[in-house]
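Novice: Below you'll find the structure I mean.
The values are calculated or read from the model by the stated rules, or taken from the named source; none is laboratory data. This is a predicted model, so every value here is computed, not measured. All Cβ positions, even for glycine, are placed from backbone atoms using ideal geometry, and neighbour counts span all protein chains on display. Accessible surface is based on the protein model in full, side chains and every heavy atom, while ligands, DNA and RNA are left aside. Shrake-Rupley method; radii C 1.70, N 1.55, O 1.52, S 1.80 Å.
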Amino acid sequence: MSSEVNEWYRGRNVLITGASGLMGKVLIEKILYSVPDIGCVYALVRSKRGKTPESRIEDMWKLPLFSRIREEKPHVMKKVVPVVGDIMYDNLGIEPKLLEQIYNEVSVVFHFAASLRLEAPLKEGLEMNTKGTMRVLDVAKKIKNLVSFVHLSTAFCYPDYERMAEKVHDPPANPHEVLRAASWLTDEQVNLLTPSILQKHANSYTYSKRLAEALVEEQYPNMPVCVVRPSIVTPSHKEPIQGWVDNLNGPIGLMVGAGKGVIRSMHCIGHYHAEVIPVDIAINAIIVIPYYINTQPERSPEIPVFNLTSGDDRNTTWKEVLDVGKATVRKIPFEGPLWYPDGNIRHNKFIHNLCVFFFHILPAYFIDFLMLIFGQKRFMVRIQNRISVGLEVLQYFTTREWWFDTDNFKALTTRLNPVDFKTFPMDLKVIDIVPYIESCMIGGKLYCLKEKLENLPKARLQNNILYVVDLIVSAFVFYLLPLYVLVSYFESFRMLLSYGGPFVRYLPLVGKVVFPEV
């Protein structure tokens with residue numbers, strides 16, 4: 001028995017926007033490895049930091065992500081065609097000759113390019129995520145043999161619905177009018193109007209993505225478009241390597257920040273469920289979706305939408321994630337932590353803000369003060385400000401429960417033969433949380449921080465030293481110092497503690513106040 005998905009893709013050429021992002025790279029790797037008879041893969045990549053798209057693709061091949069391709073199928077690398085372009089420009093900034101080639105040869109488009117900065121100004125989000133999608137659609141309209149246009153959205157773009165159905169709902173405003181208004185308003189004017197525009201949306205990312213969905217839906221059924229909504233994307237579960245990740249967005253950034261001792265508190269409802277999906281499982285579904293839609297006996301009257309989430313099958317809470325993460329970081333600590341990793345989640349916003357002040361802000365200013373004294377560059381306050389902004393945005397997703405319909409997502413596996421069922425696994429229920437979170441932490445350590453596992457003994461020693469320091473400092477700041485203030489100003493406290501005998505007598509600070517003759 002052969003792969004029917006591979007047969008469907010045989011000879012077809014695909015265009016991928018956002019090819020250099022996490023999901024774009026994993027898509028390229030998986031489609032080249034598991035769909036070997038695919039035609040060309042046109043990878044839209046922009047120049048960045050002085051590097052051309054060609055050199056960025058060359059650097060991409062060197063990543064551990066592509067190790068199995070380098071070892072087993074190096075010839076498929078030739079199928080990737082770097083395309084110099086940017087969704088911020090009309091015709092995606094692609095030179096005319098290559099654009100004409102794309103019109104004639106491509107049949108499947110995966111639109112992944114987007115601004116993932118949750119805290120980005122609204123105008124930036126609209127320009128990249130909404131108008132950028134419009135530009136990609138304009139190019140796709142001219143593709144002569146288009147059979148599938150897969151738009152990557154987000155599962156969190158409908159905060160005003162208690163349960164997210166697999167359908168596109170009406171947008172809060174006409175996307176064309178919003179884009180038109182943003183084009184003539186200044187940045188300052190848009191920033192001033194942002195709260196009233198976003199309404200229930202916590203950030204520009206989910207709002208701009210929701211408007212983009214409306215633009216995609218407008219093209220159905222004239223164009224073979226569909227919408228895919230993954231939840232929070234996390235490191236790979238199995239393929240091509242366990243724990244693969246190349247950025248610190250989302251939960252992995254929190255894990256690393258907490259593991260380094262920088263993040264000590266987060267506002268989160270611990271018993272709420274963690275709605276995440278490993279990147280390889282999401283990509284498996286995305287590859288299968290064009291095959292699934294085009295082999296259906298009848299065309300859907302509504303635009304196909306797939307919520308790539310755990311839906312009602314989930315059973316992992318944020319507290320369980322935290323507990324496993326803390327146990328893992330003590331077993332596999334990061335190198336050079338600023339403090340002992342002993343952060344926690346707090347349900348109460350006021351308590352969380354107090355902890356942020358004492359554990360984030362004050363230490364940051366103290367470290368920068370030391371840097372100033374020793375003539376070094378100050379950095380900690382700047383880092384903590386960025387962390388505060390990031391936490392404020394992420395906490396929107398961890399302080400409310402999210403519910404999703406996943407019937408379309410689950411139906412994908414019903415059309416797969418045994419070969420494709422094994423090649424493109426999508427079952428989230430088989431994931432064992434403990435080894436998976438361990439692989440995520442190791443992935444962040446190896447691939448993001450570039451730390452080596454051979455240095456674990458040194459990292460464990462640093463961790464143990466900081467554990468003792470943390471105990472001493474916590475005892476002084478939260479016990480001895482307040483006690484010293486109380487006994488210094490209140491006679492009743494001094495009398496009470498005087499019954500403590502030798503124990504109180506030899507307490508630092510407190511003993512000399514209670515027993516002045518010592």
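Novice: Collect the residues in the stretch 487-500 that are open to solvent by 80 Å² or more (accessible area, probe 1.4 Å) and either in contact (Cβ under 8 Å) with a residue 24 or more places away in the chain or among the charged types (D, E, K, R) (or both), keeping them in residue-number order.
Specialist: Correct list: E491 only.
Novice: Hey, could you check the stretch 58-72 for residues that are at pLDDT below 90 and either surrounded by 20 or more Cβ atoms within 10 Å (Cβ to Cβ) or more than 24 Å from the chain's Cα centre (by Cα) (or both) and say which is nearest to V279 (Cα to Cα)?
Specialist: Restricting to residues being at pLDDT below 90 and either surrounded by 20 or more Cβ atoms within 10 Å (Cβ to Cβ) or more than 24 Å from the chain's Cα centre (by Cα) (or both), the top hit is M60.
Every residue, every condition in (1) more than 19 Å from G250 (Cβ to Cβ); (2) free of Cβ contacts under 8 Å to residues at least 24 places away in the same chain; (3) among the β-branched types (V, I, T), yes or no:
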position: F357; (1), (2), (3): yes, yes, no
position: I361; (1), (2), (3): yes, yes, yes
position: A364; (1), (2), (3): yes, yes, no
position: I367; (1), (2), (3): yes, no, yes
position: L370; (1), (2), (3): yes, yes, no
position: F374; (1), (2), (3): yes, yes, no
position: I387; (1), (2), (3): no, no, yes
position: D405; (1), (2), (3): yes, no, no
position: D420; (1), (2), (3): yes, no, no
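Novice: List every residue pair whose Cβ atoms lie under 9 Å apart, where the two residues are 6 or more positions apart in sequence or sit on different chains, the first residue falls within the stretch 462-478 and is over 17 Å from L509 (Cβ atoms), and the second residue, located anywhere, is surrounded by fewer than 14 Cβ atoms within 10 Å (Cβ to Cβ).
Specialist: Cβ pairs passing all conditions: Q462/G336.
Novice: Now for a separate question. Before we move on, is T130 of a type in the set (V, I, T), touching a Ser or Thr at 6+ places or on another chain (Cβ under 6 Å) and either more than 30 Å from T295 (Cβ to Cβ) or open to solvent by less than 30 Å² (accessible area, probe 1.4 Å) (or both)? Give the derivation first.
Specialist: Numbers: of a type in the set (V, I, T): yes; touching a Ser or Thr at 6+ places or on another chain (Cβ under 6 Å): yes; either more than 30 Å from T295 (Cβ to Cβ) or open to solvent by less than 30 Å² (accessible area, probe 1.4 Å) (or both): yes.
It is true that T130 is of a type in the set (V, I, T), touching a Ser or Thr at 6+ places or on another chain (Cβ under 6 Å) and either more than 30 Å from T295 (Cβ to Cβ) or open to solvent by less than 30 Å² (accessible area, probe 1.4 Å) (or both).
Novice: Just for the stretch 501-518: of the residues that are within 21 Å of F478 (Cα to Cα) and out of contact with any helix residue (DSSP H, G or I) (no Cβ under 8 Å at 6 or more places or on another chain), which one is surrounded by the most Cβ atoms within 10 Å (Cβ to Cβ)? Lay out the reasoning, then the answer.
Specialist: If we filter the stretch 501-518 for residues that are within 21 Å of F478 (Cα to Cα), which is where we start, we get 503-514.
Going one step further and asking which of them are out of contact with any helix residue (DSSP H, G or I) (no Cβ under 8 Å at 6 or more places or on another chain), we end up with 503, 506, 512.
Details: F503: 9, Y506: 13, K512: 15.
That would be K512.
Novice: Just name the residue that is nearest to the chain's Cα centre (by Cα) out of those in the stretch 470-486 that are open to solvent by 70 Å² or more (accessible area, probe 1.4 Å) and under 17 Å from G343 (Cα atoms).
Specialist: That would be L471.
Novice: Okay, next question. Would you check if L98 is aliphatic (A, V, I, L, M), outside any strand (DSSP E or B) and surrounded by fewer than 17 Cβ atoms within 10 Å (Cβ to Cβ)? It would help to see each step written out before you state the result.
Specialist: Numbers: aliphatic (A, V, I, L, M): yes; outside any strand (DSSP E or B): yes; surrounded by fewer than 17 Cβ atoms within 10 Å (Cβ to Cβ): yes.
Criteria met by L98.
Novice: Sticking with this one: Being assigned to a helix (DSSP H, G or I), open to solvent by less than 10 Å² (accessible area, probe 1.4 Å) and hydrophobic (A, V, I, L, M, F, W, C) is true for just one of L192, L137. Which residue is that? Walk me through it before giving the result.
Specialist: Numbers: L192 fails: open to solvent by less than 10 Å² (accessible area, probe 1.4 Å).
Within the list L192, L137, the selection yields L137.
Novice: Within the stretch 104-127, identify whether any single residue is among the β-branched types (V, I, T), assigned to a helix (DSSP H, G or I) and either in contact (Cβ under 8 Å) with a residue 40 or more places away in the chain or closer than 15 Å to S20 by Cα (or both), and answer yes or no.
Specialist: Within the stretch 104-127 (the criterion being among the β-branched types (V, I, T), assigned to a helix (DSSP H, G or I) and either in contact (Cβ under 8 Å) with a residue 40 or more places away in the chain or closer than 15 Å to S20 by Cα (or both)), the answer is no, since none of the residues qualifies.
Novice: Restricting to the stretch 161-188, name every residue that is over 21 Å from A120 (Cβ atoms) and in a loop (DSSP other than H, G, I, E, B).
Specialist: Within the stretch 161-188, Y161, E162, A165, E166, K167, V168, H169, D170, N174 meet the criteria.
Novice: If you take the residues in the stretch 106-128 that are modelled with pLDDT under 95 and not hydrophobic (A, V, I, L, M, F, W, C), which one is nearest to the chain's Cα centre (by Cα)?
Specialist: Of everything passing the filter in the stretch 106-128, R117 is nearest to the chain's Cα centre (by Cα).
Novice: Considering only the stretch 404-459, give the helices (runs of 4 or more DSSP H) lying wholly within it that have at least 2 residues that are of a type in the set (S, T, Y) and surrounded by 17 or more Cβ atoms within 10 Å (Cβ to Cβ).
Specialist: On the way: elements: 407-411, 418-423, 433-443.
It comes to 433-443.
Table: residues versus (1) of a type in the set (A, V, I, L, M, F, W, C); (2) surrounded by fewer than 15 Cβ atoms within 10 Å (Cβ to Cβ).
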position	(1), (2)
N315	no, yes
G325	no, no
V329	yes, no
D342	no, no
H347	no, yes
F350	yes, yes
V356	yes, no
F359	yes, no
F366	yes, yes
